[in-house]
Amino acid sequence: MSQTIAEVRSRRVWDSRGRPTVEVEVTTDALISGRAIAPAGASRGSAEATDLRDGGTSLGGLDVIRAVANVQERIAPALIGLAVDDQAAVDAVLDSLDPTPTRSDLGGNATVATSLAVLHTAARAVGVPTWRYLGTPISMPRPEVQVIGGGAHAAMRVDIQDFMVVPLSAATVADAFVQVAEVYLSVGELFRQRGPVLGVADEGGHWPAVASTEEAIELLTAGIARTGLVPGVDVSISLDIAASEFENEGRYRLATEGRTYDRDEWLSVVERWVDAYPIVAVEDPAGEFDPTGMVQATKSLGDRALVVGDDYLVTNAERVTAAARDGACNTALIKVNQAGTVTGTKAAFDAARLAGWSTIVSARSGESEDVSVAHLAVGWGADIVKVGSITRGERTAKWNELIRIDEELGGLPLAPLAVSAAASSAQGHRAPC
Ligand code: PGA
Ligand code: ZN
């Protein structure tokens, strides 16, 4: 007999940007509890579930009193008595309470915290960790880790958002983090040699004291090489271009460089980077309203790089299926708060798998100690997991959870990468320093 949901409580807690967010705690009739905290994005797709914020002057208008109240007053009464292990039924209730496409009534922050809290409680009710409740992993998701932060996470100090590394030669998650940490330290040292260090961006990556995007890519490549690791062989690069932040009607304006490109010019810049540096993945290379650009990027880069849709797909199964039909993207970024429920997120994940795509389960720039993302990535068997840099507690909470899970699994191999790093590094790499 399944345990049933006896209580759903919510409260205001705080995220890594010092902003209020929603925590939900679910308790069953057998007094088993689980909880989850809603994350929050800064560079959001316009079609994703939105957080309900109170507006007004207090806390910059970002308070979540209404979202917390929605859990307490509207969601809780509708869930009490449901089987805690019937995630689909729970999420269907959330869908019916707020059928708006962006969850603007209840708030995506209210629904995602509730949905995840139910998932964790269901796992605890049968005495297993959430990852094991979700599946039987045969590999570990490969970490994709930010080393330099930019874009909306660093006041647009450099236009593109994430300069990340993807370990290639490491056999396990534990080994991968040794490589990542070496690179993080090495790039920090390069920044120090160039002048005063300006701190870290929202996800803990080095603040980009650079004159151009390409300089940041060069620095990252050099930072890998000076550790003794071979760029493109031991460690490769992944960029979240987050182009929606600087695209307008098919034109791409790079403020740092003071240049505007038309679509073709811009995509040829990205293509040149992919061919000149050991880049294995580019996320949102074109803006969310530039499907032609996304198709074009996939056509020109898809044979040697993961072309990842984030703002473009917003963790929506229909969008994933349509993009696959159109030839846009070959990889889906999966963020549970873009969909607003676990069931909606899994549907997008499954649609990506069905299309033969790779999958990246991702955290947001606004995070907390919540480690749901590590459990989803392992339990669902994602290819890659993305949670920001290797610094700051809200990031290390997830990475360290991944290490613990892997230890319990006896050290599984990392999931294979769908693109050959050799293809993207065929032309060799310059190390400027
Ligand atoms: P966000 O960005 O969480 O600030 O929206 C993360 C990403 O674009 O992947
Ligand atoms: Zn992104």
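The values are calculated or read from the model by the stated rules, or taken from the named source; none is laboratory data. The model shown is predicted, which means the values in this text are computed figures rather than measured ones. Cβ: placed from backbone, ideal geometry, glycine included. Neighbour counts: every protein chain shown. Just so you know, the surface numbers come from the protein's heavy atoms only, side chains and all, with ligands and any DNA or RNA stripped out. Shrake-Rupley method; radii C 1.70, N 1.55, O 1.52, S 1.80 Å.
Considering only region 151-160, state which residues are under 11 Å from Ile241 (Cα atoms) and in contact with a Phe, Trp or Tyr (Cβ under 7 Å, 6 or more places away or on another chain). Answer for region 151-160, where residues must be under 11 Å from Ile241 (Cα atoms) and in contact with a Phe, Trp or Tyr (Cβ under 7 Å, 6 or more places away or on another chain): just Asp159. Restricting Arg353, Arg364 to those that are within 11 Å of ligand 1 (Cβ to nearest atom) and either open to solvent by less than 10 Å² (accessible area, probe 1.4 Å) or not acidic (Asp, Glu) (or both) reduces the list to Arg364.
Pairing each residue of region 154-168 that is without any contact (Cβ under 8 Å) to a residue 12 or more places away in the chain with any residue that is open to solvent by less than 10 Å² (accessible area, probe 1.4 Å) and within 13 Å of ligand 1 (Cβ to nearest atom), provided the two are 6+ apart or on different chains, yields C-beta distances under 9 Å for Ala155/Ala201. If you go through region 177-188 one residue at a time, do you hit one that is touching a strand residue (DSSP E or B) at 6+ places or on another chain (Cβ under 7 Å) and either within 16 Å of ligand 1 (Cβ to nearest atom) or within 19 Å of Ala305 (Cβ to Cβ) (or both)? Within region 177-188 (the criterion being touching a strand residue (DSSP E or B) at 6+ places or on another chain (Cβ under 7 Å) and either within 16 Å of ligand 1 (Cβ to nearest atom) or within 19 Å of Ala305 (Cβ to Cβ) (or both)), the answer is no, since none of the residues qualifies.
Within region 224-245, is even one residue modelled with pLDDT of 95 or more and in contact with a Lys or Arg (Cβ under 7 Å, 6 or more places away or on another chain)? No: zero hits. Taken together, the criteria place Thr114 among residues that are open to solvent by less than 10 Å² (accessible area, probe 1.4 Å) and under 24 Å from Thr315 (Cα atoms).
Residues that are assigned to a helix (DSSP H, G or I) and open to solvent by 50 Å² or more (accessible area, probe 1.4 Å) within region 117-131 comprise just one, Arg124.
Can you confirm whether Gly340 is buried (at least 24 other Cβ atoms within 10 Å of the Cβ) and over 26 Å from Met156 (Cα atoms)?
On the way: buried (at least 24 other Cβ atoms within 10 Å of the Cβ): yes; over 26 Å from Met156 (Cα atoms): yes.
So Gly340 fits the description; yes.
Quick one: would you say Thr315 is away from ligand 1 (no atom under 16 Å from the Cβ) and not in a strand (DSSP E or B)? Considered against the rule, which asks whether it is away from ligand 1 (no atom under 16 Å from the Cβ) and not in a strand (DSSP E or B), Thr315 comes out as no.
Looking across Arg157, Arg142, one residue alone is among the charged types (D, E, K, R), in contact with an Asp or Glu (Cβ under 7 Å, 6 or more places away or on another chain) and open to solvent by 10 Å² or more (accessible area, probe 1.4 Å). It is Arg142.
Taking region 128-151, which residues are under 30 Å from Phe191 (Cβ atoms) and of a type outside the set (Asp, Glu)? Before the answer, list the steps.
We begin by selecting, within region 128-151, every residue under 30 Å from Phe191 (Cβ atoms); these are 141-151.
Once the filter is applied, which keeps residues that are under 30 Å from Phe191 (Cβ atoms) and of a type outside the set (Asp, Glu), region 128-151 yields Pro141, Arg142, Pro143, Val145, Gln146, Val147, Ile148, Gly149, Gly150, Gly151.
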